[in-house]
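Since the structure comes first, as structure tokens, the remarks are kept for the end.
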């Protein structure tokens, strides 16, 4: 009864922490310690496999991690780089970094681990062969086999059906097909032998497909289906020690996918998940996926004594004072350290170290004096250690890369030990940027060659090595150095500690249009990563582009200060494109990175280093009209791209959408998914349509057909769908070649659709009123042409335009034709 009465748990703590202080250290309650001992006493593992962040079934991950007590991981083949962002403007690789951290936030709540392959999410594909052609099937299959050999799952669960290509996202089916192949290959000594020396062979026991009525087309079809191979699991369990149902924990986990708008309400009561047996050893008990698998400590040689110790602690756990178990926990730790089975030895040692620290009430922390520093520098570190148990704890050493920082000392009960030290960061220390972004050769695959790195969710941080003696047993702990400060509103706030370059540079505006022969002033920002940084700033351009001066000196006294300098750039006389790089030279050292910061409250602060480059385009573009009103939707960079075309762009909040205010604009443009995410637009429709009727031009970029704030997205009937053209180079047919929008003020040809990126368009309307004129048609290979990419209707004196063309992808990439087409849409009423 005492155990059931303890409702306070790590999940409450972690969720609150995740919302406000994403880097706060874990602080376990007694019930959390008990829960972790239960997991320590279970030697079984589950690997869930899918393609993207958000594909995972958090109900199953939480169920296996917290009810079954299995080691549970989610293998997401991609980091979600190709999706959209509902909370900011991060795209592509930066969106992948954001979604990686959201997955880690989710796993901190549901108790799972997170793995990846090197596959890049290049956007939607309609079938797996297209996916494999871009990824490189062999390379990603290598990574899935590697993940299995590293993680060594007993059970694999696929989110998607490997037998139904073409019925869902090609990445989805591909993930299941690769998982099915890897199930056998991971035990084949002839498959990827480069992995064997370090990770060996592994044969999972069985593999399942996490099916549901949705995959059968309807609930009625599912009721009639043969369920011989189907296993049902009631995941709607309640955890008294946590004060939450599994559905509530799963919802908190899924709600971390904020950039995808997946906030989810928790559920309570019975919930059935279905698993279809695919391959391996069929369990005899349909209620037990681990039937026939030894999940006790007798699984490993020498483990029986460990199991007896831990079972006794579990059966007689002291919730009032967990530290009384420290002698036995220390004994178990010693025995685990002696195991021959390196896989379970390393996993369980790490788990037990955290349990012992929590049972001691042991608080170890190293706080850097600044959030970041540079290679070769010295930085102050504040150390704090507290032993809040009656057991003897002695610090034997604290080291950074072998450098001792303190003398050995005993930690008395509840006496705070504080000290300060200085560490020198070696000059060859890698920058703390996402490791998978360091190189890129294949458009579908990140370049990572180190087998130990492949699949890791994030780069290693700077760590200190703590060696302690507890109950006469020596323990080794590694803990990240962190940075923290007091925020007047939030209080104690944690951030990661990063190693960054001495100087970073950035070309202001990563796309720049040169529409005439005139010179342009190009601004470049230089930011100091240390005090007293001075050198020269340069631009690297092709020979046919001229820049003056060739170098500009700079001097920055204080770390973190910025300076903007201006170069004069003259384009060649003909149309061309150039990738331009900026860099600084300090003491003969070339520094060519720009610093990108991603800062949201639900994830740790992210500092990313990318090549400092921009795309310069010498193009011929004619424009008409000057003033644009832009209503932001889910988040895009289009307003800044329009400014590159010399438009005056005003961002309009809903309260600024008034008849009088709209009169000043030559065109109104609605950002992507505006009718999905801007609730107030349902009250502004008449105002917007009146603007068009009185002679204005209104351009609406794509919206999804579900979750519209209003059905009336146009003044005439317009029905949206999920239709899209994923092949960015799909051939274009002009349905109305004489339409003004194809000739004024720019002549639009098929060449204006060259060099498009990721996908040509998405969420095209499926039907529309006769007032609309479709302008273009295109299709993916083997499909019927789709005519809904660009629709124009005359309404009163003005023009209403709906387009699914992916301007939000093309304009930030500097695609000249996309700029010309947009200029013509804006000029529709001129």
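The values are calculated or read from the model by the stated rules, or taken from the named source; none is laboratory data. No experiment lies behind these values; they were computed from the predicted model shown. Using ideal geometry, Cβ is built from the backbone for each residue, glycine included, and neighbour counts are taken over all protein chains shown.
Could you tell me which of the residues 248, 276 is within 34 Å of the chain's Cα centre (by Cα) and in a strand (DSSP E or B)?
The conditions single out 276.
For residues that are surrounded by fewer than 17 Cβ atoms within 10 Å (Cβ to Cβ) and either assigned to a helix (DSSP H, G or I) or on the phi > 0 side of the Ramachandran plot (or both), tally how many sit in segment 188-209.
6
Condition first: at pLDDT 95 or above and either in the same structural domain as residue 144 (by TED's automatic domain parsing) or not in a strand (DSSP E or B) (or both). Can you find one or more residues in segment 463-480 that meet it?
no
Within segment 327-360, can you find the residues that are outside any helix (DSSP H, G or I) and surrounded by fewer than 17 Cβ atoms within 10 Å (Cβ to Cβ)?
338, 340, 341
What residue, among those in segment 491-534 that are assigned by TED's automatic domain parsing to the domain that holds residue 612 and at positive phi, is modelled with the lowest pLDDT?
Looking at residues that are assigned by TED's automatic domain parsing to the domain that holds residue 612 and at positive phi, I get 509.
Could you name every one of the strands (runs of 3 or more DSSP E) located completely within segment 553-654 that has at least 2 residues being closer than 30 Å to residue 826 by Cβ?
Per the criteria, 562-570, 576-586, 613-618, 627-631, 648-651.
Quick test of your reading of the structure: residue 721 fulfils all but one of (1) outside any helix (DSSP H, G or I); (2) surrounded by fewer than 20 Cβ atoms within 10 Å (Cβ to Cβ); (3) in contact with a helix residue (DSSP H, G or I) (Cβ under 8 Å, 6 or more places away or on another chain). Name the failing condition by number.
Status for residue 721: all satisfied but (3).
Report, by residue number, each residue of segment 782-804 that is free of Cβ contacts under 8 Å to residues at least 60 places away in the same chain and in contact with a strand residue (DSSP E or B) (Cβ under 7 Å, 6 or more places away or on another chain).
Within segment 782-804, 785, 787, 790, 792 meet the criteria.
Applying the selection to segment 42-64, what residues are within 14 Å of residue 109 (Cα to Cα), under 17 Å from the mean Cα position of the chain (by Cα) and either not in a loop (DSSP other than H, G, I, E, B) or not assigned by TED's automatic domain parsing to the domain that holds residue 261 (or both)?
Scanning segment 42-64 gives a single hit, 58.
Looking only at segment 378-400, count every residue that is touching a residue at least 40 places away in the same chain (Cβ under 8 Å), touching a helix residue (DSSP H, G or I) at 6+ places or on another chain (Cβ under 8 Å) and not in a loop (DSSP other than H, G, I, E, B) and tell me the total.
Going through segment 378-400 one residue at a time, the tally reaches 1.
What number of residues within segment 336-360 satisfy the criterion of being under 34 Å from the mean Cα position of the chain (by Cα) and touching a residue at least 60 places away in the same chain (Cβ under 8 Å)?
The qualifying residues number 13.
Has segment 365-387 got any residue that is out of contact with any strand residue (DSSP E or B) (no Cβ under 6 Å at 6 or more places or on another chain) and farther than 28 Å from residue 528 by Cβ?
Within segment 365-387, none of the residues are out of contact with any strand residue (DSSP E or B) (no Cβ under 6 Å at 6 or more places or on another chain) and farther than 28 Å from residue 528 by Cβ.
Please indicate, with yes or no, whether at least one residue in segment 134-142 is touching a helix residue (DSSP H, G or I) at 6+ places or on another chain (Cβ under 7 Å), more than 23 Å from residue 782 (Cα to Cα) and in contact (Cβ under 8 Å) with a residue 12 or more places away in the chain.
Taking every residue of segment 134-142 in turn, at least one turns out to be touching a helix residue (DSSP H, G or I) at 6+ places or on another chain (Cβ under 7 Å), more than 23 Å from residue 782 (Cα to Cα) and in contact (Cβ under 8 Å) with a residue 12 or more places away in the chain.
Does residue 11 satisfy the condition of being at pLDDT below 95 and either surrounded by 20 or more Cβ atoms within 10 Å (Cβ to Cβ) or outside the structural domain of residue 263 (by TED's automatic domain parsing) (or both)?
yes
Quick one: which residue in 430, 375, 426 is exposed (fewer than 14 other Cβ atoms within 10 Å of the Cβ), within 28 Å of the chain's Cα centre (by Cα) and in a loop (DSSP other than H, G, I, E, B)?
430
Conditions first: (1) within 27 Å of residue 231 (Cβ to Cβ); (2) in contact with a strand residue (DSSP E or B) (Cβ under 8 Å, 6 or more places away or on another chain); (3) assigned to a loop (DSSP other than H, G, I, E, B). Residue 78 passes all but one, so which condition is the exception?
Every listed condition holds for residue 78 apart from (1).
Touching a strand residue (DSSP E or B) at 6+ places or on another chain (Cβ under 9 Å), touching a residue at least 12 places away in the same chain (Cβ under 8 Å) and outside the structural domain of residue 134 (by TED's automatic domain parsing): is that true of residue 760 in this structure?
Taking the combined requirement at face value, the residue satisfies it.
Take the conditions modelled with pLDDT under 95 and not in a helix (DSSP H, G or I) and apply them to residue 264. Does it pass?
Yes.
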